[in-house]
Amino acid sequence: MEFSEHIRTANVEDVELRQPLQPAGRGTLCITGHHLLFSVRGDGGGRQLLLLLRSVDAVEKRTSGSSGTITIKCKDLRVLQLDIPGMEQCLNIAHSIETLSCLDRVSDMFPFFYRPVDLRLQGCWGLSSPEGHFSQAQELHQKWRLSSVNKDYLVCPSYPPALIVPACIDDKTLRKLAKFRQGGRFPVLCYYHRKNGMAIVRSSQPLMGANRKCCTEDEQLLEAVIEGSDKGYIIDTRSSQQAQQARMTGGGFESKSCYGRWKRLHRQMERGKALQESLIKLVEACGDESHNMDRWLSKLENSKWLSHVQTALSTAGLLAECVERDGHSVLVHGSEGTDCSLLISTLAQLIMDPRCRTLEGFLTLLEREWVQAGHPFQQRCAHSAYSHARVQQESPVFLLLLDCVWQLWRQFPLALGFSEALLLRLASEVYASDYGTFLCNSDQERCLLGVKEKTYCLFQALLRDRDLYSNPLYEPTELAIWPSVHPQSLQLWRGFFLRWTPQVRQLEEAQEEIRHMVMECARLALSVRDTAARPSENSS
Amino acid sequence: MPIRNKIGEMVENVRLLERSCGQRKPSVGTLYLSATHTIFVENNPETRKETWVPHSMVSGVERLPPSPTGSQLILRCKDFRVILVLIPQERDCVDIHASLARLSRPEKYSELYCLSFNPNVNKEQREESWAFVDLAADYRRMGVPNNLWVTTAANSEYRVCDTYPSELFVPKSATPAVIVGSSRFRSRGRFPVLSYFHQDTLAAVCRCSQPLSGFSGRCQEDEMMLQAVMKSNPGSDYIYVVDTRPKTVLCASLGKEYSEVMETAMKLVNYLRSSSALQHCLLRAFLNELNAMANRAAGKGYENEDHYTNIKLQFIGIENIHVMRSSQQKIVDVGEMRSPSMTDFLFGLENSGWLKHIKAILDAGVFIARAVADEGISVLVHCSDGWDRTAQACSVASLLLDPYYRTIRGLMVLIERDWVSFGHKFSHRYAHLDGDPKEVSPVLDQFLECAWQLSEQFPCAFEFNERFLIAVHSHIYSCQYGTFLGNCEKERRDLRLREHSHSVWPQLWKERSQFTNPLYQTDLSPSQGVLRPNTSPYCFKLWKGLYNHTEKSMPPRQSPADFLSTVREESKQLEEELTNQQERLTALTGKPITWEKVAVPRRRRRTDCQKHGGPDPPATTHGRLISGPDGQTDRKAPRKDPALTLPLRDTDDFSACSDLESGVADLSSRSSSGGDDNKEAELE
C-alpha cells in the first residue's frame, strides 16, 4: 500500500486551474495518495479545491514546449483543466492521477482512511438491518419468516445473511431451491403491500436450461407466496425472446406447465454494456457545442437514455399496478436479479408506499434494495461516461434509478420528502466517496474487508444534513403516485447532466428561494405563536 | 338537402368527448348553438358540466362518415384542443357542421364576438379599460422624449405610413424631409423608428422594414436616417443593422436566374473588353436593362454597406411565416400522437423544426440585447415588412433588457407596443376573419413561447406564470375582446373598436392573482438586470402546457406554484398578525390581560373562485375561454383528490394481455405505456 511510489512529483507551484462556473486561479497543486489539492496563491486558504482522485474518470494530457495541460474529466461530469509548467512535472502528475484514480484493492480506497475529526467509528453501521426490518413489520409475521439460511453466505454469496421468505418454507427446502436459481438468488420478499397483503418478491432467473428442468421446491415457494389468492404475476425484465434464448446458457423462465397459477409478463429492459454506452452517448451530446438544434435532438434520441428512463418507469408502473390495482403478488426477475429487478422494485415501492418517500425512508429503501440486496456497485460504477477504458462490467443502473426518481420528484414535487440535492449527492457518491456504503459488490465482501467497522456510513452522514436534503415542499400523501411516462412528461435531468453549466445555477437559485420562503413562513408562524404566548405569561 | 341554420337551436342526446383534455368516456348531454358559442350541457344532474366553445376559437370542423350510432364531428380549436361530438341524427350533424363551418369563418368584423360581447360595465369603465395600457407612459418610463429621441408629427393621420401608430419617436436630428424620404425607400413606408431606449447605455432598439434597394438603388434620406439613428447614441460611431431573415434565402429570393445571367454577362464583358465600341455600347445597354428588370422584380433587399457608412450588417436566420405555420402544425401533430415511443417523439420534435425556430428568435433577441447593453451600440432591426420577425426580435430584446417587461403589466405594455401599435397583422395572422390561409402564422405564439422558455430558465425573474402566457395566447385568437382585432392602429380606429368593444388587459389584471409566479423576486440582482440566457439547444423544451392538453388536465399534479403562493400569502398574513400583536403588546404593557390564543392558520391551497356559466356567455370568462366552468375545476386540485392516482391502463386490458405462453401476444413488443391508456375510449 505504498501510494508514494506512484507519486513522482508531489507539489507543483504556479499551476493554473480552470473549472466550470468559477474564475481561473493560479496556485499550488499537490498530489496525495487519495487527493488532488489545489490552493489558490495568496488567498489565505480561502479558495481551495480538494478532489478525490477516485472521482477522476479520464485524464488527458497535452504538452507544448516546456509546459503542459492536463484535462481531468470527473465521474460527476465536471471537467477541470490544469496548466502545469514543466513538461516532466506535467507527465508525472498525469501519471499519478491516472494510477491513483483506479486502484484495484478496495482496502486501499479512501473510505478506509477517512477520519473526520468530529466523528468516531461506532458500532452501528447503516440505517437498518434485515432483522430489524422484519421485527418492525408486525404484519408480516403470520405468513413470512426471517431465515438465516444464508448466514455464512453459502447458499447465496450476493444475498445478506438474513432474508424474508414464506413461513411454510423451511431452510432445507431453501437450500435445495437456491440451486435452481442463478447465483443462488432464490425468491425473497422485498415489499409487502399493507393495504391488501400482496407482496413483491424478487429473485434471479430459474436455471431451467435447454431440457426444461423443473424444481418442485421452487414451485412450492412461489405457490406459498400466492397462497389464498387466485394467481400471481411474474415480471421478467427481458423480452420473451431473450428469456427463451437464456435456456441455451442454462437459464430460463417459469414455464406455464410448472407454475400454472403464475402469469408471466415480459418487459425488455436495457442493461449492462448497452446502458453504459447510452450514458456515454448522452454525456457526449450534452458536451456538443455546435449550437445546432437538429443535431442535439438527434443525438439525444440516439443516446436512448430517455427511452431507458421511460421503460424503467413504465415497467415499475406495471409492477405497482399489479400489486395495488390488480391486487396480486408479483415475482420480479431478469437474469442475475442484481440490476433491473432492483431498479423496478425500488421504483414501484416509491410509487406505492408513502413510507419510502421520506428522507429516511428513501435512504433505508436504497440500503435494503441495493446495498444489502447485492447490487455489484464496485463493478457497475468503476467508470463513468468519460473513461477511455474498455467497458467491462460497468453499467449505470443506479444512475438510471436516480434519474427515474428525479422524474417522479419532478412530476410530484410535493410527494417526496427529499430534495434534488440528495439525488445529485448520491449520483456522485456512488462513483467516488469518502464513505464505505457503496464499496464492494455484496454484503459478504463488505464483511470480509471489515467495511462496516473501518469506514463511515454515507446514509447516516446524509441524515445529519437534513436541511439540505429534505424537500421544503414535502406534504405526505397516502396515495400512490403514478408517474406519467408519456415522452412529453419525461425530461432530461438537467441538474445532473448539465450540472456544470451556468443555466443550472438559476434553477438552484429557485430551489433556494423555495426553501427560504417556506422557512420564512415557519419562522413567522413561530414568532406569532411566541408573541401570542408572552402576554399570558406576563399575566400569570 | 337544404341546410337549416341551427343558430339558437339545440340537439339532444349528443355525446361529447374531449380527448385532448384527458377525458376517456364521452359525456351525454345537449348541444346548443348560439350566435357566438357552441355550448354543451351534460345530462348528469349532479354535475351539469358545461363546455363552451366560442366560434372564433374553432379552426376546423370535420364530419366523419355516419355510423349506426350517429354521425361524428371533430372540432379542432385554435388553442390546440380537439373535441369529438357524436350526434344521433345524421341530418342534425350535417346542419350543425354547415352552421359551424360558416360561424367559425366570419367574413366581416361585425360578426365577431367582441362586438357583441358585453361585460357588465358602463361607458366610462369601457373607456377606462382602453386607457389601462398607456404607451406614452411607457416611453416616458424609458426616458423618451429626451435630447436624443423626440416625437414626430410626421405620421399624424397615418399620412406617411398607414400601418404605423401616429405617435412615433425618431432621432432628434431626423428632419421631416428625411423621414418622408426614408419612408418612400422602405417597404410599406415603414421607416426606422424607436422601439426601446436603454437608459443605462443610451443605446436604442429601432425597427423598420426592408429597404427597397434592389441591386443598385440607394436613397440619400434613408442613409441620413440611419446616420441620425447612430448620432442619437453619443457613445458609438456605428450601428448594427439586424436583418432577421436567413441570408441564403434572401439571396435566392433576389433571383438565382439573375445571378446566373449576371455571371454570363460579366464573362461577356471581359471577352468584349478588347472588342469594338459598338459591341461595347450594346452590352452596356443590355446590362442596364437587366439591372432595372431585377430591381423591378425584386425591389427589395438589405442595406448595402458601401452606401451606408457606419453600419454593421448582421443576419439572423428566422424563417418566414409559411415555414413557421407548417412547423407549428407538425409540433401539434407530435402532441396529438396517441402513445408515441420516446424515439417517435424526439424524432417528431426534431422533424418539426419548431424548437430550432424558437431558438433563432431568442438568438436574435440575445444579439440585440447584448449589443445594446454590453456594447452600448444601437440596433436597427428589420425583416421584410417589419411586422412579424422584427416584432419578435424587438420584443424579445426588450424582455431581456428591461425587468419591467417581465412583470404582468410590463408584458401587456410590451405586447401593446411592439405588436398591437406597430401594426402586427393580428386579424390576418390569427385568422379572425375568413381569409387567405397563407397569411395565417403563429408569430406571436412564438414570442409567448420565447417568454416561456426564458421563464423556465430563470424561474425567479418573471412576475407572470405560464397561465398568463396561455391566457394571452387564447385571447389573441378568441376575439372576445377588441384588443387584438384588426391589422393596425388605423384599421382599429376606423372600426371604432374603442366604442364597440372592450380591452382585454384590465380583465387580465383583475385576475392577476392566478397569473403570479410565487418565486418572482423583485430585488434579486442577477435576474433583475439584463437577462443573459443560455441558448444552447439543450435549454429548450417543448411547451407542454400549450401544446399538450392531455398532460395539462391529467390528474391534478401537485403544483409547487400553488403551494408557494399559499405560503407567500400565509407569510404575509402572519407578518400582519405579528405587527398587530406587537402593537397591541406595546399598548398593553404591564396590564394583566387574558390573551386569546392565536391559532396558526392551517395551510390551505388557494382555490380559484368557481366561475358561473349560464346560458349567456359569462361576463368574466377568462383564460381558458373554450370551456366555461370545467376549465376552472381542474385547476382546483383538491389535495386529497383520489384522482391523483392515474390508471396506468384499463384493468381489463391488463388481464387480457397478461400471459405470454398462450402465444397470442408478445407483450414485449407492445409499447410500454405506464401513464397512457392504450384503450381508446371511442364514442361508439
The relative contact order of segment A:11-153, taking Cα pairs under 8 Å that sit 6 or more residues apart, comes to a percentage of 17
Taking every DSSP bridge whose two residues both lie in chain A, the antiparallel percent to the nearest 5 is 75
Can you compute the helix-only [θ] at 222 nm over chain A? Use -39500 (n - 2.57) per DSSP H run of at least 4 residues, normalise by all residues, nearest 500 deg cm²/dmol. -11500 deg cm²/dmol
Stokes-Einstein D for segment A:219-337 (4 °C, 1.567 mPa s, Kirkwood Rh from Cα pairs), in µm²/s, comes to 78
Charge dipole of segment A:445-528 about the Cα centre (unit charges at C-beta), most positive-ward option of A:479, A:514, A:459: A:459
All Cα pairs of chain A, percent lying beyond 33 Å: 46
Could you tell me which of rounded, prolate or oblate describes segment A:212-258, using a ≥ b ≥ c as the square roots of the eigenvalues of the alpha-carbon gyration tensor, with rounded for a/c under 1.5 and, failing that, prolate when a/b is larger than b/c and oblate otherwise? oblate
Under the rule a/c < 1.5 gives rounded, and otherwise a/b versus b/c splits prolate from oblate, where does segment A:470-528 land using the Cα gyration tensor? oblate
Quick one: order B:577, B:12 from most to least accessible surface, probe 1.4 Å. B:12, B:577
Net charge dipole size for chain A [Lys, Arg +1 and Asp, Glu -1 on Cβ; Debye, nearest 20]: 1180
At a probe radius of 1.4 Å, what is the per-residue accessible area of residue B:7, in Å² to the nearest 10? 70
Need one value: the accessible area of residue B:489 in square angstrom, 1.4 angstrom probe, rounded to the nearest 10. 50
Could you order B:190, A:499, A:271 so the one with the most accessible surface comes first? Probe is 1.4 Å. A:271, A:499, B:190
Summing +1 for each Lys or Arg and -1 for each Asp or Glu, what net charge is found among the other residues whose Cβ lies under 12 Å from the Cβ of residue A:119? +1
Inter-site label distance for residue A:120 and residue B:48 at 7 Å from Cα along Cβ, in nm: 7.5
Sum up the charges of everything whose Cβ sits under 14 Å from the Cβ of residue B:162, counting Lys and Arg as +1 and Asp and Glu as -1, but leave residue B:162 out. +4
All other residues with a Cβ under 12 Å from the Cβ of residue A:373 taken together, and with Lys, Arg as +1 and Asp, Glu as -1, what is their net charge? -2
Here the relative contact order (percent) of segment B:302-390, from C-alpha pairs under 8 Å and at least 6 apart, is 26
Which whole-number percent is the relative contact order of segment A:283-403 (Cα, under 8 Å, 6+ apart)? 21
Using heavy-atom solvent-accessible surface (probe 1.4 Å) with all chains present, what is the largest-first order of A:146, B:349? A:146, B:349
Give me the one-decimal Kirkwood hydrodynamic radius in Å for segment B:1-143, with the sum taken over alpha-carbon pairs. 17.2
What average count of beta carbons from other chains do you get within 10 Å of the Cβ of residues in A:502-512? 5
On full extension of the chain, what length is gained from residue A:148 through residue A:32, given 0.36 nm per residue of separation minus the C-alpha to C-alpha distance? 37.4 nm
Please report, largest first and rounded to whole Å, the three semi-axes of the ellipsoid equivalent to segment A:387-539, where each semi-axis is the square root of five times an eigenvalue of the C-alpha gyration tensor. 36, 23, 15
Just the ratio, please: alpha-carbon radius of gyration of segment A:128-191 over 2.2 N^0.38 Å, N its number of residues. 1.05
Counting every C-alpha pair in segment B:385-447, the percent lying more than 13 Å apart is 61
Cα gyration tensor shape of segment A:149-250, rounded if a/c is under 1.5, else prolate or oblate by comparing a/b with b/c: oblate
Mind scanning A:176/A:256; A:231/A:273; B:330/B:425 and naming the pairs with a C-alpha gap bigger than 31 Å? A:231/A:273
Two-decimal ratio, segment A:445-498, of alpha-carbon radius of gyration to 2.2 N^0.38 Å: 1.80
Which part of segment B:100-123 falls in the paramagnetic zone of residue B:434, meaning amide N under 14 Å from the point 7 Å along Cα-to-beta-carbon? B:100-112
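The values are calculated or read from the model by the stated rules, or taken from the named source; none is laboratory data. What you see is a predicted model, and the numbers here were worked out from it, not measured in a lab. Don't worry about glycine lacking a Cβ; one is built from the backbone with ideal geometry, like all the others, and counts go over all protein chains shown. What goes into the accessible areas is simple: the full protein's heavy atoms, side chains included, and nothing from ligands, DNA or RNA. Shrake-Rupley method; radii C 1.70, N 1.55, O 1.52, S 1.80 Å.
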